[in-house]
Amino acid sequence: MPGVEGFIYPNELELQWSVLIVLYPFITGLVAGAFILASLERVFNVEAVKPTYRLALLTALAFLLVAPLPLQLHLGHPERSLEMYLTPHTQSAMAMFGFVYLWYLMVVLVLEIWLDYRKDIVLKWRASTGVTKLVYGAMALWSDNISESALKLDDRIGRALTVIGIPSAFLLHGYVGFIFGSIKANPWWSTPLMPIVFLFSAIVSGIACILLLYFVTCWYRKVPVDMPCVDTIAKYLYYAFLVDFSLEMLDLIHRLYESDESFRALDFMVKTRLFTSQIVLQILLGTVVPLAILGVVQLVRFRHEVRRVLYVLAGSLTLMGIFAMRWNVVIGGQLFSKSFLGYTSYKMAFATKEGLLPAIVLMILPFVILWVLIRLLPPWGHEAGSARSHARG
Amino acid sequence: MNQDRRSFLGQTGKLLILTASAAVAWEHILAGRPEDAPNYTATDHWWGMAIDIEKCIGCGTCVRACKAENDVPHEDYMFRTWVERYVVDPADLDHPQVDSRNGGYDGFHEREVLDTRLKMFFVPKLCNHCAHSPCVQVCPVGATFESPDGVVLVDKTYCLGCRYCVQACPYGCRFIDPRTETVDKCSLCYHRITKGLTTACCETCPTGARTLADLKDPKDPIHAFLRDHKVQVLKPQMATGSKMYYNGLDGSVR
């Protein structure tokens with residue numbers, strides 16, 4: 001059979017999960033990571049990252065809104081997906097997605113953003129006319145109480161929400177890792193490290209994404225980059241990446257040392273079909289190089305311009321590396337036969353339901369949503385964070 | 001032919017009665033739902049299968065019968081049951097040579113094994129109807145379920161087509177039917193066994209290599225089969241509670 005090497009079970013020829021399922025953990029990872037970066041400022045009072053606080057929240061929301069779309073497109077019967085809410089099979093890891101997703105979207109993200117922006121929304125409602133007034137009025141839920149005590153209450157609830165939000169973000173992405181890690185039939189996926197590896201790679205990708213978005217927004221708005229802010233973000237990116245890399249290497253070393261029945265098949269796969277995406281893109285270019293860049297920046301004080309270039313380079317390589325990691329998990333986990341005697345290959349289509357084109361559209365869509373969100377709720381300007389600074393007095 | 005009125009009427013009567021019975025039986029077989037088998041009590045049965053590797057000749061009749069009986073797509077990568085041929089060096093169980101061209105649908109071309117050390121045998125495969133099915137565990141809506149008589153079934157009107165169960169099956173027994181965009185797999189010919197018939201693959205096997213077994217029936221030959229043979233299930237380390245019992249299963253079989 002074309003694309004097949006060795007022996008695979010006859011039903012294994014077709015890959016079940018396509019590039020869209022690669023996007024799913026990638027996108028939810030960006031959500032979780034962006035939220036955790038935002039909570040650094042809110043809960044742990046890391047003042048330096050304040051310029052990115054609201055941008056990170058809006059980015060998390062934009063990506064979260066898109067997160068279920070690749071899953072919907074992938075389903076054979078998307079019209080039945082509501083059954084996951086109505087008649088969930090409680091033993092299924094996948095059945096819980098809807099609930100974890102809704103909890104995170106509605107309770108954590110939307111509420112936190114609303115509370116943080118409430119004063120801005122009310123002020124815009126008062127200042128605008130016509131349709132704009134109607135939009136902002138609806139967003140304020142027609143409540144214009146921005147008295148000092150009301151804002152203080154907003155701040156208190158918002159803070160509590162962020163405290164709940166951090167474990168929720170961990171839950172969201174740790175859970176995505178569990179979907180893969182709990183499949184005992186697949187040795188490439190089946191490891192208890194999977195949720196924690198997913199979580200740290202999510203934090204890494206989210207921080208890298210916000211770092212890059214911050215550079216882009218500064219360039220677009222023609223404002224100078226706040227260097228202490230990007231230095232701090234880069235520092236956190238470095239630390240999170242170190243943990244992530246250590247975990248992934250732990251997994252690799254453990255597999256190498258144990259060399260169980262699946263090892264030969266997986267080893268062969270990594271050295272052939274996954275060599276470019278795993279060794280070159282994920283480990284070398286996507287991890288070792290950005291880690292080296294970020295490490296050197298911690299040691300040597302380069303000029304601002306040099307640091308900016310290095311951060312953009314490290315951030316871009318990191319995102320590519322994390323995407324490659326998702327690819328290697330999802331696609332890599334389906335390239336070998338469960339008989340461990342052969343391999344199949346993945347042929348990505350272009351303009352089909354699960355092809356490259358919808359994948360590209362789905363990756364552009366969050367940025368379009370973010371652009372709309374930024375127009376509606378500008379994350380910068382003298383108003384930014386004023387509700388809380390006002391409340392804190 | 002000499003035929004009086006009496007024998008003509010008699011024969012015609014028999015023909016009419018038999019045709020009517022056949023029509024009723026056929027209707028029941030086509031219906032394929034337990035409620036159409038009023039005399040069948042699911043909790044009285046616990047289905048499995050005995051597979052005797054030493055009897056399998058790799059003719060592929062079971063594969064053809066299954067495809068015909070269950071309207072399985074004719075693509076060469078969609079099977080409810082298939083047959084694998086193993087050629088094994090007994091000193092190197094880790095590297096068996098396996099092939100299953102078109103799932104064994106067309107039988108196997110003769111293969112000359114000159115090296116006398118090598119052994120060759122056929123392994124029929126199908127859904128293991130596990131008592132602790134990993135596929136049932138992961139289905140987000142419960143469209144895949146274990147029936148009270150131990151058969152893993154799919155409700156095609158409920159399946160989302162998320163393919164998580166395909167990933168979770170350690171034996172490669174599931175595929176997506178492109179016509180319905182839902183998952184498909186061996187149903188152990190549920191529409192037949194609930195009518196007192198055996199499965200299509202067991203029915204047509206010329207050597208009796210596969211035998212449907214009701215583990216709750218004390219008179220079922222399965223008990224003697226399990227007692228008298230060294231019996232193994234596929235991938236026992238997966239602890240799925242497989243109910244496909246193989247006699248003569250070689251250690252090289254995956």
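Conditions (1) under 24 Å from residue B:225 (Cβ atoms); (2) among the hydrophobic types (A, V, I, L, M, F, W, C); (3) modelled with pLDDT of 95 or more, marked per residue:
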position: B:29; (1), (2), (3): no, yes, no
position: B:34; (1), (2), (3): no, no, no
position: B:46; (1), (2), (3): yes, yes, yes
position: B:57; (1), (2), (3): yes, yes, yes
position: B:60; (1), (2), (3): yes, no, yes
position: B:73; (1), (2), (3): no, no, yes
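At negative phi, among the acidic types (Asp, Glu) and either without any contact (Cβ under 8 Å) to a residue 40 or more places away in the chain or in contact with a Lys or Arg (Cβ under 7 Å, 6 or more places away or on another chain) (or both): does that describe residue B:217? Criteria not met by residue B:217. For the condition surrounded by fewer than 21 Cβ atoms within 10 Å (Cβ to Cβ), touching a strand residue (DSSP E or B) at 6+ places or on another chain (Cβ under 8 Å) and either over 23 Å from residue A:241 (Cα atoms) or without any contact (Cβ under 8 Å) to a residue 24 or more places away in the chain (or both), what is the one hit in A:5, A:47, A:79, A:83? The conditions single out A:5.
You will find that of A:100, A:66, the residue that is at pLDDT 95 or above and more than 12 Å from every other protein chain (Cβ to nearest Cβ) is A:66 and no other. When region B:95-117 is filtered for residues that are surrounded by fewer than 16 Cβ atoms within 10 Å (Cβ to Cβ) and farther than 18 Å from residue A:337 by Cα, the ones remaining, listed by number, are B:106, B:109, B:110, B:111, B:112, B:113, B:114, B:115, B:116, B:117. When the criteria are applied in full, residue A:244 meets the requirement of being acidic (Asp, Glu), buried (at least 19 other Cβ atoms within 10 Å of the Cβ) and part of a helix (DSSP H, G or I).
The conditions of being away from every other protein chain (no Cβ under 11 Å), hydrophobic (A, V, I, L, M, F, W, C) and part of a helix (DSSP H, G or I) are met by residue B:62.
The set of residues in region B:121-143 being in contact with an Asp or Glu (Cβ under 7 Å, 6 or more places away or on another chain), β-branched (Val, Ile, Thr) and either within 9 Å of chain A (Cβ to nearest Cβ) or free of Cβ contacts under 8 Å to residues at least 60 places away in the same chain (or both) consists of B:136, B:141. Could you go through region B:226-239 and let me know if any residue there is surrounded by fewer than 21 Cβ atoms within 10 Å (Cβ to Cβ), within 9 Å of chain A (Cβ to nearest Cβ), in a loop (DSSP other than H, G, I, E, B) and among the aliphatic types (A, V, I, L, M). Yes, region B:226-239 contains at least one residue that is surrounded by fewer than 21 Cβ atoms within 10 Å (Cβ to Cβ), within 9 Å of chain A (Cβ to nearest Cβ), in a loop (DSSP other than H, G, I, E, B) and among the aliphatic types (A, V, I, L, M).
Residue B:103 meets the conditions (1) within 9 Å of chain A (Cβ to nearest Cβ); (2) of a type outside the set (Ser, Thr, Tyr); (3) part of a loop (DSSP other than H, G, I, E, B) in every case but one. The failed one is (3). Residues in region B:69-94 that are closer than 30 Å to residue B:117 by Cα, surrounded by fewer than 18 Cβ atoms within 10 Å (Cβ to Cβ) and in contact (Cβ under 8 Å) with a residue 60 or more places away in the chain: B:93, B:94.
The values are calculated or read from the model by the stated rules, or taken from the named source; none is laboratory data. Model, not experiment: these values are computed from the prediction. Backbone-built Cβ (ideal geometry, glycine too); neighbour counts: all protein chains shown.
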